[in-house]
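Undergrad: Below: one structure in structure tokens.
The values are calculated or read from the model by the stated rules, or taken from the named source; none is laboratory data. In this text the structure is predicted, and so the values were computed from the model without any measurement. Here the Cβ is made from the backbone with ideal geometry for all residues, glycine too, and neighbour counts use every protein chain on show.
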Amino acid sequence: MIFEDISEMAAALPAMGALAGLDLGTKTIGVAVSDGMRQVASPITVIRRQKFTLDAEALLKIATDRGLTGLILGLPRNMDGSEGPRAQSTRAFARNLSRLTELPIGYWDERLSTVAAERALLEGDTSRKRRAEVIDQVAAGYILQGALDRLRYLAR
């Protein structure tokens, strides 16, 4: 099931269990996962996009292996809040993925997540080559951490 609002998704999630954050790009999918208590997001991998069935298979394998209880997709809105072609592509990906899994799927506004990830990697004195390798998974970590913080706030 797909949830537009994180508060609606919160009601559908079990009290405990890891979540995944996804940064969908045209060439890669950055993946981050949380701990079971949903406190900390950790970037884990980048999936090189091929075609949907292979991308979904790789994501669902991670979900099964890690016992995930939900997925958070970064929704790339424009700075004025409107949605462009990338957001529509993300929504299409979510619709197709929801046909293959019972896991709840939610969206998180990812505006400036890649900028924040890039800044963090620069502050960490990460080489240009290494930044290119990990930027998507670090951005997925920012997306997931934002959603985790909101879920924790809603649980109060």
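Undergrad: State which residue is modelled with the lowest pLDDT when the search covers only the range 97-125 and only residues that are small (Gly, Ala, Ser) and under 12 Å from Ile143 (Cβ atoms).
TA: Step one: filter the range 97-125 for residues small (Gly, Ala, Ser), giving 98, 106, 113, 116-117, 120, 124.
Remaining after also requiring under 12 Å from Ile143 (Cβ atoms): 106, 113, 116-117.
Working: Gly106: 96, Ser113: 69, Ala116: 73, Ala117: 73.
Residue satisfying both the conditions and the ranking: Ser113.
Undergrad: Does the range 120-156 hold any residues that are crowded, with 20+ Cβ neighbours inside 10 Å, under 13 Å from Gln39 (Cα atoms) and among the small types (Gly, Ala, Ser), and which are they?
TA: Correct list: Gly141, Gly146, Ala147.
Undergrad: For Asp125, state whether it is part of a helix (DSSP H, G or I) and not aromatic (Phe, Trp, Tyr).
TA: Spelling it out, it is not the case that Asp125 is part of a helix (DSSP H, G or I) and not aromatic (Phe, Trp, Tyr).
Undergrad: Restricting the search to the range 29-46, which residues are farther than 17 Å from Asp149 by Cβ and surrounded by fewer than 19 Cβ atoms within 10 Å (Cβ to Cβ)?
TA: Once the filter is applied, which keeps residues that are farther than 17 Å from Asp149 by Cβ and surrounded by fewer than 19 Cβ atoms within 10 Å (Cβ to Cβ), the range 29-46 yields Ile44, Thr45.
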